[in-house]
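Engineer: Structure in structure tokens, see below.
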Amino acid sequence: MSTRLEATPVAAAHLSTEERARLHRLLLDEHVAQRTRAVELQDPLDLEPDLAEVLLVRCHEALEEIEAAFKLFDEGTYGLCGSCGAAIHYDRLEAVPAARHCLACQSGRDRSLR
Ligand SMILES: [Zn+2]
């Protein structure tokens, strides 16, 4: 099929409706947890201010990743690798619901960051 090469978003057909609903739920829970944490970190009671700031930055990064994942849900491309387009295995998504890359691409990216 030559149309497969065109850049239209393809729904991640490897995920069942139930799996997608579960992952969406995990993302929502994580979003709430990170937002709660961000509020706590703005007025940390038992942390060094420098450490709290680092944690707060990470918290905002996590929130951005989660929001990006929600966008992929809207586009119907959630669960597909953003680099190579491969289906990301459900087990990986369950462990890291905001994952945007398959393991092969992710490990390549991690290496290139070092
Ligand atoms: Zn990939």
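Taken together, the values in this text are just the output of simple stated rules run on the coordinates, not laboratory data. What you are looking at is a predicted structure, and each value in this text was computed from that prediction instead of being measured. Neighbour counts run over all protein chains shown; Cβ positions are idealised from the backbone, glycine included.
Engineer: Between Gln42 and Arg111, what is the spin-label point distance in nm, taking each point 7 Å from the Cα along the Cα→C-beta axis?
Structural biologist: So the two model labels end up 4.2 nm from each other.
Engineer: How much length is gained on full extension from Ala87 to Glu19, taking 0.36 nm per residue of separation minus their Cα-Cα distance?
Structural biologist: Separation in residues times 0.36 nm, less the Cα-Cα distance, equals 23.1 nm.
Engineer: Hey, could you get me the Stokes-Einstein D for the chain, Kirkwood radius over alpha-carbon pairs, 25 °C and 0.890 mPa s, rounded to whole µm² s⁻¹? Can you show the working numbers first?
Structural biologist: Numbers: Rh = 15.7 Å.
Using the Kirkwood radius from Cα pairs, D works out to 157 µm²/s.
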